[in-house]
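One structure is given below, encoded as structure tokens.
The values are calculated or read from the model by the stated rules, or taken from the named source; none is laboratory data. Everything numeric here is computed off the predicted structure, so don't read it as measured data. Glycine also receives a Cβ, built like all others from the backbone with ideal geometry; neighbour counts cover every protein chain displayed. Note: accessible area is taken over every heavy atom of the protein model, side chains too, but ligands, DNA and RNA are not part of it. Shrake-Rupley method; radii C 1.70, N 1.55, O 1.52, S 1.80 Å.
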Amino acid sequence: MKGFFFILLVLILSQVLSAQIENIGTWDNIDPEEIREEDPYLYSLLLEKKNTQDLYEIGQLKKVERNFKRESRRLDRYIRKSDRENLLNHLLEVEIIYGGIPTLEDKLLYYQSANYFLHGAIHRARDTAETLLLTYPESERFDKTIELLQEIYFLLQENDTLILVSSLYSGKMNEHQKFWLAQALFNTGEYGKAAALFQELLKPKEYRFRAEAMLALITYFEKDIDSSLQAFLVLENKYKPRTAYYYFLYLSLARLFAEKGYQAASLEYYEKFVNSFNYEIPDEIYYEIASGFQDYGDDERALYYYRHIVTKPQKSEYFPLAKYQISVVEQRQGNFPEAVDNLNDIISQNQLVLETLEIKSGLTGKYGRLQHEVFQDRSENETKNSKLKETSLIENALNRSNITLKDLYTGKDSRSVHILGEIESEYFSYSSTINLMNAIITIAESRPNTKVPRLIDSYISELDSSLVTLEIIRYIGHLPRMTYRDYQIAKILAQEKLYEQKLLIAWYDVGKIARKKNDPELLASSERSQQLLQLNLEALDRIAEISFKGSPSAEIRQLISQESEAIKSNREDLQILKGQVMARFNTQIAKKLSKRKDNMILDFDQLGKTYNEIISSLQSDVNEVNDQYEYNLLDVHFRQTNTLDREYEKIQRNLQENLINEQSNSE
């Protein structure tokens, strides 16, 4: 049995399904010898990782890549066989051993993406594959990654992206790729291009029926309904019902016959579709079938399909419509109590939606007021923290209410609920950004900038190095042959000269201060120091001249002096800039941020107004639909009363007739 570290390994591996394998460098911190006895399996992996890293560092990259290629063949085999378990286990081993080798990062990204895909983490797979394409456009796994992305975009119905990424593919596309691309072209209205690809898929057995069916459907758009209907009827006779995807033919014929007005034939094919479709039927199609039966006058079959929608645990946008139509059919059948119950159910549900919208409106208003108070309060105190906690609670409550709305909303446009949630998220995002800006402004106003001065200091140091180099050239540039000793002496003299010059500038500044303050003693001290430093500088030049027997020509010396003066001027400018930065830079940043923050607060307020407008619109929609249901309910009650009245009159007539008969018999 493997030890603790192997269990840890499996736990980490399981996280691969919800987060990319990252921070592989963590394994570098584990000394293999520490776990040798406790976990021999992990010990062997870490040892192999160390050996791989050593090979890479001594330039044996080809050997590393050769070893990796052997492992990649196993991974490719698992991918082809859709062997998720073995792929997952082997991938982590490969990640541990080869993680951190730069030339293999693109290949590891590909296997991570394929692993996510096989485990159903399709969005993770997409993000990882897209990262590979953007980061490693020259990768040898580029085309394989595009093929994976084509399938992902096909499943996610991201048609435009699928078409775009297909144009980057450099190889010859296989049948699967052609089918995915053809479907995307069809979905975007590129019927001619789609038809050309479907024509290419008429030979492969796997795609033959689907290609012919799609060509029959394209005939509807490029020719007319009769041509399309005829093409599908030909296919019905050509292929047997057990053919894969045959249900698509039934559904297409049902819709085409419905459009032609042949209701009986249409409903017959709808029923065939339901019986042949082995997956969960979408509510949209259930509603389509139920409406067809309702229009045809077959109330029982209509109710059967409407009830499929309302009894599902996960409610769709067709739930309220189906619920309402059930009440319509039931009252047509005379089932008034059931119709009343259904209508009351929808009306009470809508009342809950209205109450939820009202609460959301109130909470959002409170949220906005609290955030404004937080925006204005840049201090750190208990009251502010309490307000921040309250805004966080409101955010959570509003987020939860969106789930209620999505499940219960029965207005006219369900997209409004989605837009409301999007604006809410944006609203929260603005407030957190503004609060963060407040914190940055407070820091910027209260602290001097140290990062930029450090950067300026590094530039000044580079200029100092240049000055030293120029002085070295001034000292030994004339020598036909220069020894290392010559260079070292010249460097020491040049560095000393730069140091003395800095001191000279410092004493010069002291002299200016002394004159300003009228301090004769300090002024005299400054002048003496300046004279002494001038003598030192002259002495350094003299030492160099004696040591190196002369100096460069006057022309060279002049060029060096000009360059030196230019560098000194730049140095002085940088020193002045450094002082200004330390004094004012952060304050200026704070001012700019404050202006940007004010603009964001205006945007924040505008978002709040838009949010309330959408809530009002939703309330109007729900009220309007509720009115319609209320009128319907009154109509049901009226019809129910009329029916009861007729039954009462009938009973009265029967009683009167019985009474007359009894009287006649008694006479």
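For segment 500-527, filtering for residues that are farther than 23 Å from residue 541 by Cβ and of a type in the set (Asp, Glu) leaves 3.
This table checks each residue for (1) modelled with pLDDT of 80 or more; (2) out of contact with any helix residue (DSSP H, G or I) (no Cβ under 9 Å at 6 or more places or on another chain); (3) not in a helix (DSSP H, G or I).
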{"residue": "467", "(1), (2), (3)": "no, no, no"}
{"residue": "489", "(1), (2), (3)": "no, no, no"}
{"residue": "495", "(1), (2), (3)": "no, no, no"}
{"residue": "499", "(1), (2), (3)": "no, yes, no"}
{"residue": "510", "(1), (2), (3)": "no, no, no"}
{"residue": "516", "(1), (2), (3)": "yes, yes, no"}
{"residue": "527", "(1), (2), (3)": "yes, no, no"}
{"residue": "539", "(1), (2), (3)": "no, yes, no"}
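Taking first residues from segment 288-301 that are more than 17 Å from residue 323 (Cβ to Cβ) and partners that are open to solvent by 50 Å² or more (accessible area, probe 1.4 Å), the Cβ contacts under 6 Å between residues at least 6 apart in sequence or on separate chains come to 296/263. Residues being more than 23 Å from residue 185 (Cα to Cα), at pLDDT below 95 and over 38 Å from the mean Cα position of the chain (by Cα) are represented in segment 211-227 by at least one member.
Taking residue 94 as the residue in question, decide whether it is surrounded by 15 or more Cβ atoms within 10 Å (Cβ to Cβ), at pLDDT 85 or above and more than 30 Å from the chain's Cα centre (by Cα). No; evaluated as a whole, the condition is false for this residue. For segment 267-287, the set of residues classified as touching a residue at least 24 places away in the same chain (Cβ under 8 Å), of a type in the set (Phe, Trp, Tyr) and either outside any helix (DSSP H, G or I) or surrounded by fewer than 16 Cβ atoms within 10 Å (Cβ to Cβ) (or both) consists of 277 only.
Take residue 252 and decide whether it is assigned to a helix (DSSP H, G or I), modelled with pLDDT of 90 or more, under 21 Å from residue 208 (Cβ atoms) and touching a helix residue (DSSP H, G or I) at 6+ places or on another chain (Cβ under 6 Å). Taking the combined requirement at face value, the residue satisfies it. Among residues of segment 39-61 being touching a residue at least 40 places away in the same chain (Cβ under 8 Å) and of a type in the set (S, T, N, Q), the one that is surrounded by the most Cβ atoms within 10 Å (Cβ to Cβ) is 52. The residues of segment 303-317 that are open to solvent by less than 30 Å² (accessible area, probe 1.4 Å) and within 26 Å of residue 241 (Cβ to Cβ) amount to a single one, 305. Here residue 232 fits the description: assigned to a helix (DSSP H, G or I), in contact with a helix residue (DSSP H, G or I) (Cβ under 7 Å, 6 or more places away or on another chain) and either open to solvent by 40 Å² or more (accessible area, probe 1.4 Å) or under 23 Å from residue 278 (Cβ atoms) (or both). Filtered by the rule that a residue be of a type in the set (A, V, I, L, M, F, W, C) and surrounded by fewer than 16 Cβ atoms within 10 Å (Cβ to Cβ), segment 487-497 gives a lone residue, 492.
Pairing residues of segment 170-194 that are under 15 Å from residue 213 (Cβ atoms) with residues that are aromatic (Phe, Trp, Tyr) and surrounded by fewer than 17 Cβ atoms within 10 Å (Cβ to Cβ), at Cβ distances under 8 Å and at least 6 apart in sequence or on separate chains, gives 191/221. Against the conditions (1) within 22 Å of residue 211 (Cα to Cα); (2) modelled with pLDDT under 90, residue 138 satisfies every one except (1). In a residue-by-residue description of segment 18-39, the property of being in a helix (DSSP H, G or I), aliphatic (A, V, I, L, M) and modelled with pLDDT under 85 applies to at least one position.
Table: residues versus (1) part of a loop (DSSP other than H, G, I, E, B); (2) closer than 30 Å to residue 232 by Cα.
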{"site": "114", "(1), (2)": "no, no"}
{"site": "131", "(1), (2)": "no, no"}
{"site": "145", "(1), (2)": "no, no"}
{"site": "155", "(1), (2)": "no, yes"}
{"site": "170", "(1), (2)": "yes, no"}
{"site": "196", "(1), (2)": "no, yes"}
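Okay, residues lined up against (1) surrounded by fewer than 20 Cβ atoms within 10 Å (Cβ to Cβ); (2) more than 26 Å from residue 241 (Cβ to Cβ):
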| site | (1), (2) |
| --- | --- |
| 190 | yes, yes |
| 199 | yes, no |
| 202 | yes, no |
| 214 | no, no |
| 222 | yes, yes |
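Of all the listed residues (546, 556, 560), the sole one being modelled with pLDDT under 75, open to solvent by 90 Å² or more (accessible area, probe 1.4 Å), part of a helix (DSSP H, G or I) and of a type in the set (A, V, I, L, M) is 546.
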